[in-house]
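Written below as structure tokens is the structure these notes are about.
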Amino acid sequence: MPSKKQKEVQFRLDHNSGLPLHYQVEQLLRKIIQEPEYQEGKLLPKEVDLAKMLGISRNTVRQATNRLEHENLLLRKKGVGTRAVRETLGTKLNNWASFSEEMHSKGVQFINYGIDVSWTKASKSVADNLQIEENKEVLKLERLRGLENGPFVRFISFFHPRIGLTGKEDFSRHLYDILEYDYATVPTVSKERINAITANKDQAKFLKVEVGSPLLLRKRLVCDPGDRPIEYNIGYYRADSFTYEIDIRR
């Protein structure tokens, strides 16, 4: 069993390193939560305590824990604390594309049933994912897409202000072509979470299904080569019209 001294050594950063502190915290926590005691439910130190132990600001710690929470590696409970999510079977996709690129690669001609662009204040969830201040104005893109027999997916995207989008772009084009060729912003990494949900009144209206019908909820955080957030995308798919396939090699 590790001694107290050994455990203190674990909670250290290299302040002379060229690596950003929030990245070092993130990598440190990734290692720590793999230890049996944390996999068995032991709470992580409070953010304020962890910040003191590491000699950094609480905001730096929060930036790292937000990323791990988004990846479903940490679970926060108000009034209780933060603990590791026990490992379960899962997969990480290595190859990905925008929806339109996916459809074109399969020879499928989809229809844009609606494209709506607006400016909105970032909610806490959007702000945490894009790593910006809450209530900061961001571009919001809503798209309703499907086939001739009707829509089967609704996308809601929020973009980081640093990109420089104006809202006047032709969003019927491939989204990631716009980002890369018009704004020199290269989408490189997609971090995804997929859940089964039931349709509420709002989603049922858009996707032409009954309230309570099964939907696939897909949340995607797209980052550039420096792992900086570009787009936070929420997709609602009709479960009777879309299958998510994953190839896994041993």
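Using a probe of 1.4 Å on the protein chains alone, the accessible area found for His15 is around 100 Å². Rounded to the nearest whole Hz, the Karplus-based 3J(HN,Hα) values (6.51 cos²θ - 1.76 cosθ + 1.60, θ = phi - 60°) of the range 31-38 follow the sequence 6, 4, 6, 7, 5, x, 4, 7, with x at glycine and proline.
Here the mean projected area of the convex hull built on the C-alpha positions of the range 120-224 is 7.5 nm². Ranked from largest to smallest solvent-accessible area, with a 1.4 Å probe on the protein heavy atoms, Glu169, Glu192 come out as Glu192, Glu169.
Under the convention that each Lys and Arg Cβ holds +1 and each Asp and Glu Cβ holds -1, the size of the dipole of the range 148-250 around its Cα centre is about 400 debye. The relative contact order of the range 126-187, computed from alpha carbon pairs under 8 Å that lie at least 6 residues apart in sequence, is 24 percent.
Using the structure shown, list the pairs from Lys52/Lys78; Lys52/Lys191; Lys78/Lys208; Lys77/Lys191 with a Cα-Cα distance above 27 Å, or answer none.
Numbers: Lys52/Lys78 21 Å; Lys52/Lys191 30 Å; Lys78/Lys208 37 Å; Lys77/Lys191 23 Å.
Beyond 27 Å between Cα atoms: Lys52/Lys191; Lys78/Lys208.
Projecting label points 7 angstrom from Cα along Cα→Cβ for Ser213 and Val48 puts them 4.9 nm apart.
The values are calculated or read from the model by the stated rules, or taken from the named source; none is laboratory data. Model, not experiment: these values are computed from the prediction. Quick reminder, even Gly has a Cβ in these numbers, built from the backbone with ideal geometry, and neighbours come from all protein chains shown. These area figures cover heavy atoms from the full protein model, side chains too; ligands, DNA and RNA do not enter into them. Shrake-Rupley method; radii C 1.70, N 1.55, O 1.52, S 1.80 Å.
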